[in-house]
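Notes follow the structure.
The values are calculated or read from the model by the stated rules, or taken from the named source; none is laboratory data. The structure displayed is predicted, hence computed values, not measured ones. Every residue, glycine among them, receives a Cβ derived from its backbone with ideal geometry; neighbour counts consider all protein chains shown. Surface accessibility is based on the protein's heavy atoms, side chains included, excluding ligands, DNA and RNA. Shrake-Rupley method; radii C 1.70, N 1.55, O 1.52, S 1.80 Å.
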Amino acid sequence: MDSVRGRVAGPVGAAPVVTQVDVSVVVPVRDRRSYLDRCLTSLLVQRVALEIVAVDDGSADGGGDLLDLYAAHHPGVVKVLRLDRPMGAGRARNLGLANARGRYVFFCDADDHLGPEALERMTAMADRNGSDIVLGRVVGPGRVMFEADIDRAPLGDSPVYNSLSCCKLFRRAMLTAHDITFAEDLRVGEDMVFTSHAYCHAGVISVVAGHDCHHLGAGVTQEDVGRDPVRRLRMIRRPMELVAGHVPPGPLRDHLMRRHFRHDALAHLGAPFLAAGDVARKEIAAEIAALCERWLTDGVRERLSAPERRKLAALDDIDQLVRLARVEASAVTRRLTEIAWAGDLLTLRGEAALDGGPDLDFTVSVLLRPRGPAAHGERSFPVWSGGGRFAGVIDLRDLPSGVWNVHVAITCEGVTRLGRLRPERTDAAPGPRLLGERAAVPYFTRVQGNLSIDLGGHVAAVPCAVKITEAGWGRGNRLLLGGRVTVGDAVPGAGTVRRLVWRERRSGRERGRTVTDLPGGGFAVSQGWEDFAGGVWDAYLELDLGGPPVRCRIDAGVPVQPRAWWRWAVRRTVRPYSTSGRGRLSVRVRNVPVRRAVRRLLRW
């Protein structure tokens, strides 16, 4: 039996061991010396009462000597334990957990590091909510799972169970009460077993998403078993057995099992399946079929996507699974060659194909997806296709207001692959079109040049023109304006014009005035100046084009003479003018008290 030696490294008579520990950080170390400095330094600067329990899992690169050096300089904080030979991260973490004294335990790999204040924020979250598990924001490729902190994340109605790494904050009393430890016979996946077990017993799960807590390092692959899909699938049984043993049948268990089928089982029917030989492919399919026989309920099946259910239905057809994997691995090649208006319909022509081989038969459609958290779903439009080309018509008139991203959708073997449509030249977008009372603006995104359609002017600029055709002064020193509006080449319908807005150039203050809507895109307004402060006021016409208010600067068009009058002891001067360059309508207002006016006259 392998011996295990534990000690607190440090000189005799060093500072006493900390008696009140909030967090014990367990760090398994095996041949990661080049990363160890950054890891331990990031832990030592955490502003909590902590101890670092570092377990040397038979390092041969001098990592153990570096641990001794840190322990000597930080007695009572850094504790070093040793295994005589490499025994795996599961054994190392269990040894560290058995020697931990903190109220909470955090597991940190030797090539990872923590952000400043990470443990402070996670501990505060746990103390505030009585949390048994706290997930911190992980910094790494594709790792953003939550956008905001969550005090109490429901296990069955949130994506927390998708994160089965053990690099989290755990309440040690919960781990001890339920005998939650790492599987020492596994060299890969031992953290999944541990974390699945902990989730099953956690009363409160919290998330710290607003702060970078855990920075991923190089990644430690301890054994080649992690690359063997068959052995990986056999490992997956362990967390699934734990879930089945601790969570009664029902929606919660189905939600948890869905994660294992989607991310752990069916994922092996993609690229790993194509890379495997004929015998291994049969073994992979058999292992997944065995998992389905034990734990695939109707509730789990309903939570899977249509392509995932199609893979399950093909488990006894290896050739079909190969075709599905080829489709999944194929890239969508596409190009938009033409976009134009045909009346109120938008016509598209382009090229689209799958690069997985000429023997893949597919159909093409155009798919519009709403951008952002929209209540309305995606819309599909059939197109003609053949020889790698397609042509179709999009009717936008019944689509809800919003921004729609345009995709080409290629369906093969019941699996649909998507690709954003983009042209060779991004100056080929047609102009806006008024569809009833809404503006439809096709445009290409700034960075990638992908085609999107803005219905209502949410993000794309709506080209509109407003020109004053009549102007003059009326009774009561009111400025009378009449004009005409066009959107693109069209005249908007009744009710499009909302109001006239004056915006003071320096302060940004605004004044609004109701406008009379006239036929043929005309409008009229009578503007008084009683509550206008001195300054330069720029004129805008606000339009309702089916989305947020669209503001258009007004062309002055007709010159208007300035007017001045006395109101009480203030002389007010209002001078409409045309701005230099573009000739936009602005008004300069001056309010001069009588005393100042008299002083000016006397100086003159």
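Selection of the stretch 103-127 for residues being more than 22 Å from residue 176 (Cα to Cα) and assigned to a helix (DSSP H, G or I) yields 118, 120, 121. Within the stretch 352-378, restricting attention to residues that are open to solvent by 80 Å² or more (accessible area, probe 1.4 Å) and in contact with a strand residue (DSSP E or B) (Cβ under 9 Å, 6 or more places away or on another chain), the residue that is modelled with the highest pLDDT is 369.
This table checks each residue for (1) in a loop (DSSP other than H, G, I, E, B); (2) among the charged types (D, E, K, R); (3) open to solvent by less than 10 Å² (accessible area, probe 1.4 Å).
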{"site": "494", "(1), (2), (3)": "yes, no, no"}
{"site": "512", "(1), (2), (3)": "no, no, no"}
{"site": "517", "(1), (2), (3)": "no, yes, no"}
{"site": "523", "(1), (2), (3)": "no, no, yes"}
{"site": "539", "(1), (2), (3)": "no, no, yes"}
{"site": "557", "(1), (2), (3)": "yes, no, no"}
{"site": "561", "(1), (2), (3)": "yes, no, no"}
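Determine whether residue 311 is open to solvent by 30 Å² or more (accessible area, probe 1.4 Å) and not in a loop (DSSP other than H, G, I, E, B). Answer is no for this residue. Scanning the stretch 130-140 turns up no residue that is polar (S, T, N, Q) and assigned to a helix (DSSP H, G or I).
If I ask for residues that are part of a helix (DSSP H, G or I), more than 18 Å from residue 134 (Cβ to Cβ) and at pLDDT 90 or above, which ones from the stretch 185-228 would you list? Those that are part of a helix (DSSP H, G or I), more than 18 Å from residue 134 (Cβ to Cβ) and at pLDDT 90 or above: 190, 192, 193. Flag set for residue 234, criterion: open to solvent by 20 Å² or more (accessible area, probe 1.4 Å) and outside the structural domain of residue 323 (by the TED database).
Taken over the stretch 142-184, the criterion of being open to solvent by less than 20 Å² (accessible area, probe 1.4 Å), out of contact with any Leu (no Cβ under 7 Å at 6 or more places or on another chain), in a loop (DSSP other than H, G, I, E, B) and within 17 Å of residue 104 (Cα to Cα) is satisfied by 166, 167, 180, 182. Looking at 274, 291 in this structure, which one is open to solvent by less than 10 Å² (accessible area, probe 1.4 Å) and either at pLDDT below 95 or in a helix (DSSP H, G or I) (or both)? Residue meeting the stated conditions: 291. The residue that is least open to solvent (accessible area, probe 1.4 Å), counting only those in the stretch 563-590 that are assigned to a loop (DSSP other than H, G, I, E, B) and of a type outside the set (Gly, Ala, Ser), is 579.
Report whether or not residue 113 is open to solvent by 60 Å² or more (accessible area, probe 1.4 Å) and within 30 Å of residue 86 (Cα to Cα). Spelling it out, it is not the case that residue 113 is open to solvent by 60 Å² or more (accessible area, probe 1.4 Å) and within 30 Å of residue 86 (Cα to Cα). Remark: pairs (first residue in the stretch 19-40, farther than 22 Å from residue 191 by Cβ; second residue among the hydrophobic types (A, V, I, L, M, F, W, C) and surrounded by fewer than 18 Cβ atoms within 10 Å (Cβ to Cβ); Cβ separation under 8 Å; 6+ apart in sequence or on different chains) = 20/49; 21/49; 22/49. Quick one: is residue 59 modelled with pLDDT of 95 or more, touching a Leu at 6+ places or on another chain (Cβ under 9 Å), surrounded by 15 or more Cβ atoms within 10 Å (Cβ to Cβ) and assigned by the TED database to the domain that holds residue 198? Criteria not met by residue 59. Going through (1) open to solvent by less than 30 Å² (accessible area, probe 1.4 Å); (2) in contact with a strand residue (DSSP E or B) (Cβ under 6 Å, 6 or more places away or on another chain); (3) not aromatic (Phe, Trp, Tyr) one by one, residue 256 falls short only on (2). Picking from residues in the stretch 41-67 that are part of a strand (DSSP E or B) and in contact (Cβ under 8 Å) with a residue 40 or more places away in the chain, the one that is farthest from residue 169 (Cα to Cα) is 55.
Listed here are the residues, each with its yes/no results for (1) in a loop (DSSP other than H, G, I, E, B); (2) touching a residue at least 12 places away in the same chain (Cβ under 8 Å).
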{"residue": "419", "(1), (2)": "no, yes"}
{"residue": "427", "(1), (2)": "yes, no"}
{"residue": "431", "(1), (2)": "yes, yes"}
{"residue": "479", "(1), (2)": "no, yes"}
{"residue": "486", "(1), (2)": "no, yes"}
{"residue": "499", "(1), (2)": "no, yes"}
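Would you be able to say whether some residue in the stretch 421-435 is open to solvent by less than 60 Å² (accessible area, probe 1.4 Å), on the phi > 0 side of the Ramachandran plot and not aromatic (Phe, Trp, Tyr)? Scanning the stretch 421-435, I find no residue that is open to solvent by less than 60 Å² (accessible area, probe 1.4 Å), on the phi > 0 side of the Ramachandran plot and not aromatic (Phe, Trp, Tyr), so the answer is no. For the stretch 88-102, does any single residue satisfy the condition of being without any contact (Cβ under 8 Å) to a residue 12 or more places away in the chain, in the same structural domain as residue 179 (by the TED database), surrounded by fewer than 23 Cβ atoms within 10 Å (Cβ to Cβ) and not in a loop (DSSP other than H, G, I, E, B)? Yes. Here residue 3 clears all of (1) assigned by the TED database to the domain that holds residue 113; (2) among the polar types (S, T, N, Q); (3) modelled with pLDDT under 95 except the condition numbered (1). If you go through the stretch 541-551 and keep only what is open to solvent by 30 Å² or more (accessible area, probe 1.4 Å) and not in a loop (DSSP other than H, G, I, E, B), you end up with just 551.
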